[in-house]
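Working notes for the structure below.
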Amino acid sequence: MPAGGVLTLTTENTRLDENFAAMNVDAMPGPYVVIRVSDTGDGIPAEVIDKIFDPFFTTKETGKGTGLGLSTVMGIVKSHQGFVNLRSRVAVGSVFEIYLPAAPDAVAASSAAPAIQAPRGQGELILVVDDEEVIREVVQKTLCAHGYRVITAGDGTEAIAQFSQNRGEVKAVLTDIMMPFMDGVTLSRTLKKMDPTIQIIATSGMGSAKGRQDKAAALASLQINTFLNKPYSANEILTAIGDLLASDRSSHGCSELGLVA
């Protein structure tokens, strides 16, 4: 933050569920402590964001940085069986989230309050599209356990076939936006042509920040404003679908969830 800004440090207790763990190879279901460091600085350019944890990588001038800071952080965190999540946007800032396993009997601070129950389905058919089989299986299991019917597809072309076969029955589509063969943007555009009223939830995983931002902008232009950033919890996906279907029943509008690249 060369011109100054705000540096915020927070901690919280959380419990990662099976959904979250399935989307992050370093995560395990259970209690964690989260240390969150956010700034309002320059942000990290898309072309270097995948390199910043590499030893000796630095964008600083000679003599002003060794490139060992973040690689040292990552080494310490991994030595404690933890992991780091990063979100950054150029000219907006960055958020680093350090997840460290907590004691097995740890209780999240929020657990003292009554848990918010996510909306249950009423037999609605949901199409889940993701090129990762484990994510499809976990999401399908979660949705089926909460009153929905589910069909799945491993890529955009398969999704179109599934949608055509179940046309008129599918109430919502949950699709990854970063997929081979046909990405989520192209799939969403095609589905909207087939059925302009279809409700779509886009999910964003790894990949360059610029790529996620470009695809998010393209989806927004299709009036698809419901996004989930991977990894997401079971409660997050259930709430997003429940809110979207409720909105569709009442006004055919779109629910908005922020996507942070």
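Suppose each label sits 7 Å from its Cα in the direction of the beta carbon; what would the Glu61-Met1 distance come out to in nanometres?
The two pseudo-label positions are separated by 2.3 nm.
Compute the length gained on full extension between Val134 and Val92: take 0.36 nm times their separation in residues and subtract their Cα-Cα distance, giving the result in nm to one decimal.
Stretched out fully, the Val134 to Val92 stretch lengthens by 11.8 nm.
Find the relative contact order for region 125-250 and round it to a whole percent, using C-alpha pairs within less than 8 Å whose residues are 6+ positions apart.
22
Which one, Val139, Ala240, Thr157, projects farthest toward the positive side of the charge dipole computed for region 125-250 from Cβ point charges (K/R +1, D/E -1)?
It is Ala240, whose Cα lies furthest towards the positive end.
None of the figures in this text is laboratory data; all of them are computed from the coordinates on show. This one's a predicted model, so the numbers in the text were calculated from it and none came from an experiment. Neighbour counts run over all protein chains shown; Cβ positions are idealised from the backbone, glycine included.
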